[in-house]
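Take a look at the structure below.
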Amino acid sequence: AAATKGTYDTFMLKEIDEQPAVLRRISQHYLANNSSINVPAELLQLMAQADRFYFVAAGTSYHASLVGKRLFEKYTKKPVEVGVASEFGYHWPLLSQKPFFIFLSQSGETADSRQVLVEAKKRGLSTLVLTNVVNSTLAREADFHLPLLAGPEIAVASTKAYTAQIAVEAVLAKALGVQLQERLAVEWDLQQQLSLAAVGIDRVLAEKDKFAALTKEYLTDQEHAFYLGRGIDYDVSLEAALKLKEISYVHTEGFAAGELKHGTIALIEDRVPAIFFITEKLTASHTRGNVQEVKARGGNVVVVSTEETKGSGDQFVLPTLTPELMPLLTGVVGQLIAYFSTLQRGLNVDQPRNLAKSVTVE
Ligand code: G6P
């Protein structure tokens, strides 16, 4: 059945709101059986033999892959390289002895990603696609595919597919880690984490009025904005910046907070919005230093932190999850900021100018 907006005015808000249900569906599908994770044994055996994973994707799926690298390296102890498909296709890195390719694509139709898949197959390499569309071109052409189970995503700006990609990456990292008898993976209660994440997203979604007020105060009349963070918070800064720029047309960049002093700080002037994600304990105090630097130059700072990293005056304090899963919550924060800024500018939330839902040309 074709997706409809139901009682919503936009697909984007509907899809944002569906995310807790998407996480519960993924958990149910992949993790409901306590004795084994629902991932083909043959796939796990092949992956266990790999010496390196290559994640290839475009756009939001690329940003989800950055999170996937952290999940895989932590729980499987195998190295991961992440590539933007359009770059990878023409500039192949030197491959390891036993490479394994993982493609992420909401639509399963992105030409840049497909080009890499075709070449990988030509080279006889093993391939897996994580996709929301199981009868798509990439799903058909790869050796294996796993469903994202997000349900049809219609708004051009990807929201629930990003969340689903991270959750399925986590499932796969857990499954492979268990297969490899990695202690961290064996001990990781992913089912519980996904359930906490779903509840956490519900909590973020319950604060929509606060987000709307925040974007009204900080983002109306602004032409530039910045997202800053370190580690996993840097990964999500890139996605949050893409979300805001692609639908509101506010020129937004995501930066590694530590790079601020190496250039970006020159752009901070009176009232420039700088949104910081501070969920990583290891680097929280350094990033707090960056917050002060931006404030001292008149920037309008928003801090999104967690119960573990919070400071006084932080606008949003999120529940704490496994660190690599925090993008399940901070990602939603970025989505809501993008959504309300765009709405308040009177722009078309679902159909931004110049963009297509899936890009089938290289
Ligand atoms: C287009 C869409 C993006 C998407 C990207 C990759 O640019 O506008 O939202 O992230 O393609 O799409 P895929 O379907 O491969 O995830």
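Results, tabulated for the structure shown:
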read-out	value
Output for segment 300-325, where each listed residue is touching a residue at least 60 places away in the same chain (Cβ under 8 Å) and either under 30 Å from ALA173 (Cα atoms) or outside any strand (DSSP E or B) (or both)	GLN315, PHE316, LEU318, PRO319, LEU321, THR322, PRO323, GLU324, LEU325
Every residue from segment 272-290 that is buried (at least 22 other Cβ atoms within 10 Å of the Cβ) and either at positive phi or in a helix (DSSP H, G or I) (or both)	THR287, ASN290
Filter result for the condition that a residue is touching a residue at least 12 places away in the same chain (Cβ under 8 Å) and closer than 27 Å to PRO352 by Cα, over GLU280, GLU253	GLU253
Which numbered condition LEU214 fails, given (1) closer than 30 Å to GLU269 by Cα; (2) hydrophobic (A, V, I, L, M, F, W, C); (3) part of a helix (DSSP H, G or I); (4) within 16 Å of the ligand (Cβ to nearest atom)	(4)
Residues (more than 16 Å from the ligand (Cβ to nearest atom), in contact (Cβ under 8 Å) with a residue 40 or more places away in the chain and of a type in the set (A, V, I, L, M, F, W, C)) located in segment 38-89	VAL39, LEU43, LEU44, LEU46, MET47, ALA48, ALA50, PHE53, LEU71, PHE72
From LEU149, LEU128, residue being touching a residue at least 60 places away in the same chain (Cβ under 8 Å), buried (at least 17 other Cβ atoms within 10 Å of the Cβ), more than 8 Å from the ligand (Cβ to nearest atom) and closer than 13 Å to ALA57 by Cβ	LEU128
Helices (runs of 4 or more DSSP H) within segment 52-136 that include 1 or more residues in contact with a strand residue (DSSP E or B) (Cβ under 8 Å, 6 or more places away or on another chain) and under 15 Å from ILE166 (Cα atoms)	59-76
Selected residue [buried (at least 21 other Cβ atoms within 10 Å of the Cβ) and modelled with pLDDT of 95 or more] from LEU172, LEU180	LEU172
Pick from segment 332-351, criterion within 13 Å of the ligand (Cβ to nearest atom) and buried (at least 19 other Cβ atoms within 10 Å of the Cβ), ranking: farthest from the chain's Cα centre (by Cα)	ASP350
Filtered residues of segment 21-37 (kept if surrounded by fewer than 21 Cβ atoms within 10 Å (Cβ to Cβ) and farther than 17 Å from ASN132 by Cβ)	ALA32, ASN33, ASN34, SER35, SER36, ILE37
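The values are calculated or read from the model by the stated rules, or taken from the named source; none is laboratory data. These figures come from a predicted structure and were not determined experimentally. Quick reminder, even Gly has a Cβ in these numbers, built from the backbone with ideal geometry, and neighbours come from all protein chains shown.
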